[in-house]
Amino acid sequence: FMKKILLMAVMCLMTMSAMAQIKSVEVKANLRGDFGIGAGLTMPVFDKIDFAPNFNYYFTDGTVFTLDGDFHYNFDLDQNWTLYPLVGLAWFHASAEIGDDYNKIGVNLGGGARYNINSQWAAFVEAKYQWVNDFDDSFFTLGISYKF
């Protein structure tokens with residue numbers, strides 16, 4: 001089951017990248033009640049709006065992952081700093097070792113800051129609240145992105 005979900009996520013990301021120009025690719029660490037890692041893309045939609053789909057896997061007793069699709073509205077402070085509020089949807093999957101599976105749709109709300117290290121690399125930080133029925137959580141993300 002996990003392999004099918006992972007394959008589906010990769011196929012979705014590949015399809016979206018073929019349809020839109022990719023602005024950057026990112027990897028990140030998610031810090032909440034548990035630790036997770038993630039990977040995603042950032043694609044421009046309009047002048048100040050980006051779409052950021054990503055996959056996050058959390059290290060817990062069972063299997064927990066999310067597929068998120070967030071929209072960022074970028075406020076460029078100067079050449080190096082960008083602040084952005086974000087809003088998006090999340091698909092939350094959790095399965096316990098006892099056999100219970102949960103698949104739920106949720107809403108993401110938060111914000112972030114991105115610092116351009118140079119013309120190709122940027123570091124970012126995000127704070128996000130994820131509303132998912134029975135699984136609400138807030139978390140903090142640290143990441144790095146490679147810009148095209």
> Taking the condition within 12 Å of the chain's Cα centre (by Cα) and either at pLDDT 90 or above or exposed (fewer than 13 other Cβ atoms within 10 Å of the Cβ) (or both), does K128 pass?
Replying inline: yes
> Regarding K28, is this residue modelled with pLDDT of 95 or more and of a type in the set (D, E, K, R)?
Replying inline: yes
> Do the conditions hold for L67, that is, is it in contact with a helix residue (DSSP H, G or I) (Cβ under 8 Å, 6 or more places away or on another chain), closer than 21 Å to P44 by Cα and open to solvent by less than 80 Å² (accessible area, probe 1.4 Å)?
Replying inline: yes
> So, in the range 115-148, of the ones that are among the hydroxyl-bearing types (S, T, Y) and part of a strand (DSSP E or B), which residue ends up nearest to I37 (Cα to Cα)?
Replying inline: T141
> Among the listed residues D68, D78, which satisfies the condition of being more than 21 Å from Q21 (Cβ to Cβ) and among the charged types (D, E, K, R)?
Replying inline: D78
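The values are calculated or read from the model by the stated rules, or taken from the named source; none is laboratory data. This is a predicted model, so every value here is computed, not measured. Methodologically, a virtual Cβ is constructed for each residue, glycine included, from the backbone with ideal geometry; neighbour enumeration extends over all protein chains shown. Surface areas here come from the heavy atoms of the whole protein model, side chains and all, with no ligands, DNA or RNA. Shrake-Rupley method; radii C 1.70, N 1.55, O 1.52, S 1.80 Å.
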